[in-house]
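First comes the structure, then the notes that go with it.
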Amino acid sequence: MDSLTHAALGACLGEIMLSRKLGKRALLWGAVAQNLPDIDVVAALWLPPSENVLVHRGGTHSFLFALVAAALLAFLARKWYKDRQIPWGQFFLFFTVQLFVHDLLDTCNAYGTGLLEPFSHERFSFHLLYVADPLFTLWPCLGLIALLMQKITKPARWRWALAGLIPAGLYLIFAMYNQSKVSNQIEASLTRQQLSHTRYFVTPTPFNTLLWYAVAATDEGYYVGHRSVLAPKEMATKFTYFPRNQHLLTSAVSKEEVQELIRVAKGYHTVERWNDTLVFNVLRYGQILGWQNPRGKFTFHYFLSPPGVDNKQVMQRGRVKGWTRETIDNMFRAIFVKPEEEAGATSK
């Protein structure tokens with residue numbers, strides 16, 4: 001999730017867990033601790049982009065790091081506030097909860113989180129929330145604002161903290177329901193259209209959990225489509241086919257770079273040529289404006305050749321590229337789709 005969401009959640013948890021001992025300082029400690037795992041972003045200063053995308057949400061997002069960092073932070077906080085008579089164990093529990101919440105929340109996105117590093121390089125991603133979802137972030141932010149405005153002596157401040165945490169938790173459950181519903185309908189559409197596939201996934205489109213992006217893998221390519229939670233059950237999803245073009249990778253300059261990107265893709269990638277540029281697409285992160293352009297480019301597109309092409313913004317450059325008022329209007333039309341406006345079909 002984005003830094004604002006982590007900070008607001010951390011502050012609300014800080015109010016509940018430590019405000020009686022630290023006052024409003026607990027909000028700050030919570031906000032800082034919640035964002036600590038993202039210290040790995042500094043690796044981008046010296047690592048090449050293909051390595052950086054593997055380092056991010058890796059070791060610093062593991063349970064092992066959380067426990068070690070929590071112990072160290074508890075030791076430092078205990079010395080800092082030695083006059084407050086706060087046990088080391090209370091600080092340790094506080095920081096452990098903060099860091100674990102950060103790590104588990106990040107698994108709700110498509111990126112993938114290395115919870116078991118360094119013992120396993122498996123990346124966990126449950127595709128429940130887009131990396132920034134205003135309706136999830138809104139409630140912790142409102143709770144934080146209320147806590148900052150109120151005096152520390154005011155009774156029942158904890159209710160404002162819960163008012164920030166509980167709606168966010170309910171929204172996460174709402175996202176789980178939406179994902180389950182869309183997954184069932186996507187699978188039904190694939191079966192109805194006799195589209196053979198080996199596996200598939202669904203993930204939210206930007207800033208919402210009502211319109212979902214779906215990818216179904218075959219031996220040679222992928223069926224890609226979008227489906228609204230509000231679409232009638234009997235409506236088939238329209239899919240567009242993208243070939244994998246694995247043979248194009250033979251012309252890649254760096255084989256190590258290719259292997260790193262394949263790890264990121266987790267079995268969902270295509271290769272294309274854009275004029276003289278060889279491009280590696282990771283399908284897991286969505287499609288640029290795919291709800292209005294079924295053949296739109298993919299959000300994560302990495303330039304393999306010619307050498308020297310800039311890939312530093314590979315995770316950001318496609319997220320909101322080309323967005324206009326028309327884009328938003330088209331998204332709303334895709335969400336509130338009417339049966340007569342959409343017919344099930346597959347294009348190749």
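Among the residues of the range 323-335, is any outside any loop (DSSP other than H, G, I, E, B), in contact with a strand residue (DSSP E or B) (Cβ under 7 Å, 6 or more places away or on another chain), at pLDDT below 95 and surrounded by fewer than 14 Cβ atoms within 10 Å (Cβ to Cβ)? Write out each step before concluding.
First, the residues of the range 323-335 that are outside any loop (DSSP other than H, G, I, E, B): 325-335.
With in contact with a strand residue (DSSP E or B) (Cβ under 7 Å, 6 or more places away or on another chain) added as a condition, the list becomes 331, 334-335.
Filter again for at pLDDT below 95, leaving none.
Looking for residues that are outside any loop (DSSP other than H, G, I, E, B), in contact with a strand residue (DSSP E or B) (Cβ under 7 Å, 6 or more places away or on another chain), at pLDDT below 95 and surrounded by fewer than 14 Cβ atoms within 10 Å (Cβ to Cβ), one finds none in the range 323-335, hence no.
Among the strands (runs of 3 or more DSSP E) contained in the range 120-230, which hold 3 or more residues that are aliphatic (A, V, I, L, M) and under 23 Å from the mean Cα position of the chain (by Cα)?
Values: elements: 199-204, 211-217, 221-228.
In the range 120-230, 211-217 are the strands (runs of 3 or more DSSP E) which contain 3 or more residues that are aliphatic (A, V, I, L, M) and under 23 Å from the mean Cα position of the chain (by Cα).
Counting the residues of the range 232-247 that are at pLDDT 95 or above and of a type in the set (A, V, I, L, M, F, W, C) gives 2. Filter the range 285-299 for residues that are open to solvent by less than 20 Å² (accessible area, probe 1.4 Å) and without any contact (Cβ under 8 Å) to a residue 24 or more places away in the chain and give the result. Matches in the range 285-299: Gly296, Thr299. Every listed requirement among (1) in contact (Cβ under 8 Å) with a residue 60 or more places away in the chain; (2) out of contact with any Phe, Trp or Tyr (no Cβ under 8 Å at 6 or more places or on another chain); (3) aliphatic (A, V, I, L, M) is met by Leu142 save one, (1).
For Gln179, indicate whether it is surrounded by fewer than 23 Cβ atoms within 10 Å (Cβ to Cβ) and on the phi > 0 side of the Ramachandran plot. When the stated conditions are applied, Gln179 does not pass them.
Look through Ala71, Ala31 and report the one residue that is within 25 Å of Leu172 (Cβ to Cβ) and either of a type in the set (Gly, Ala, Ser) or in contact with an Asp or Glu (Cβ under 6 Å, 6 or more places away or on another chain) (or both).
Details: Ala71 fails: within 25 Å of Leu172 (Cβ to Cβ).
Unique residue meeting the criteria: Ala31.
Annotation note: of Ala161, Ala168, the sole residue that is under 27 Å from Val320 (Cβ atoms), open to solvent by less than 60 Å² (accessible area, probe 1.4 Å) and not assigned by the TED database to the domain that holds Thr237 is Ala168. Please find, among Val253, Val309, Val282, Val314, the residue that is of a type outside the set (D, E, K, R), open to solvent by 70 Å² or more (accessible area, probe 1.4 Å) and either under 24 Å from Leu211 (Cα atoms) or in a loop (DSSP other than H, G, I, E, B) (or both). Only one candidate passes the filter, namely Val253.
Apart from one condition, Leu138 fits all of (1) open to solvent by 60 Å² or more (accessible area, probe 1.4 Å); (2) in contact with an Asp or Glu (Cβ under 8 Å, 6 or more places away or on another chain); (3) within 29 Å of Leu36 (Cβ to Cβ); the exception is (2). Among the residues of the range 14-48, the one identified as of a type in the set (Asp, Glu) and within 23 Å of Ala161 (Cα to Cα) is Glu15.
Considering the range 256-278, and only residues there that are assigned to a loop (DSSP other than H, G, I, E, B) and either modelled with pLDDT under 95 or of a type in the set (A, V, I, L, M) (or both), the residue that is most open to solvent (accessible area, probe 1.4 Å) turns out to be Asn275.
The values are calculated or read from the model by the stated rules, or taken from the named source; none is laboratory data. What you see is a predicted model; the values in this text were computed from it and never measured. Virtual Cβ from ideal backbone geometry, glycine too; neighbours counted across all protein chains shown. When the accessible area is computed, the model is the full protein with side chains, heavy atoms only, and any ligands, DNA or RNA have been set aside. Shrake-Rupley method; radii C 1.70, N 1.55, O 1.52, S 1.80 Å.
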